[in-house]
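Report on the following structure.
The values are calculated or read from the model by the stated rules, or taken from the named source; none is laboratory data. In this text, all values refer to a predicted model and were calculated from it rather than measured experimentally. Here the Cβ is made from the backbone with ideal geometry for all residues, glycine too, and neighbour counts use every protein chain on show.
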Amino acid sequence: MDNQEIIDKLTKVCICKGVSKQTIKKAISEGADTVEKVWSMTNTGNGSCKGKRCGEKIQLILDNWEEEK
Ligand code: FES
């Protein structure tokens, strides 16, 4: 496991559901190419903020996917 993987594991993207960046990136690498698809694949976006907080972060990861993956 490299440093980036450790950081991704510790970084929570969906705070409501406690889902890490690692899980979000795995969903994107498995084909989720929109925020909605990432939400449904990772069971996020449906917490108390209704995706307000994690939606933007997921979009940013999608927008920068070439550097993120
Ligand atoms: S942070 Fe993801 S639903 Fe609130």
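One residue alone among MET1, MET41 is of a type in the set (A, V, I, L, M) and at pLDDT below 95, and that residue is MET1. Just so you know, in the range 1-12 the residues that are within 11 Å of the chain's Cα centre (by Cα) and free of Cβ contacts under 8 Å to residues at least 12 places away in the same chain include one that is surrounded by the most Cβ atoms within 10 Å (Cβ to Cβ), and it is LYS12. Provide a single number: the residues in the range 13-28 that are touching a helix residue (DSSP H, G or I) at 6+ places or on another chain (Cβ under 9 Å) and surrounded by fewer than 16 Cβ atoms within 10 Å (Cβ to Cβ). Counting residues in the range 13-28 that are touching a helix residue (DSSP H, G or I) at 6+ places or on another chain (Cβ under 9 Å) and surrounded by fewer than 16 Cβ atoms within 10 Å (Cβ to Cβ) gives 2.
Annotation: of all residues in the range 31-65 being of a type in the set (D, E, K, R) and over 15 Å from LYS17 (Cβ atoms), the one that is surrounded by the most Cβ atoms within 10 Å (Cβ to Cβ) is LYS37. For the chain, the helices (runs of 4 or more DSSP H) that sit wholly inside it and include 2 or more residues that are of a type in the set (Ser, Thr, Tyr) are 21-29, 35-42.
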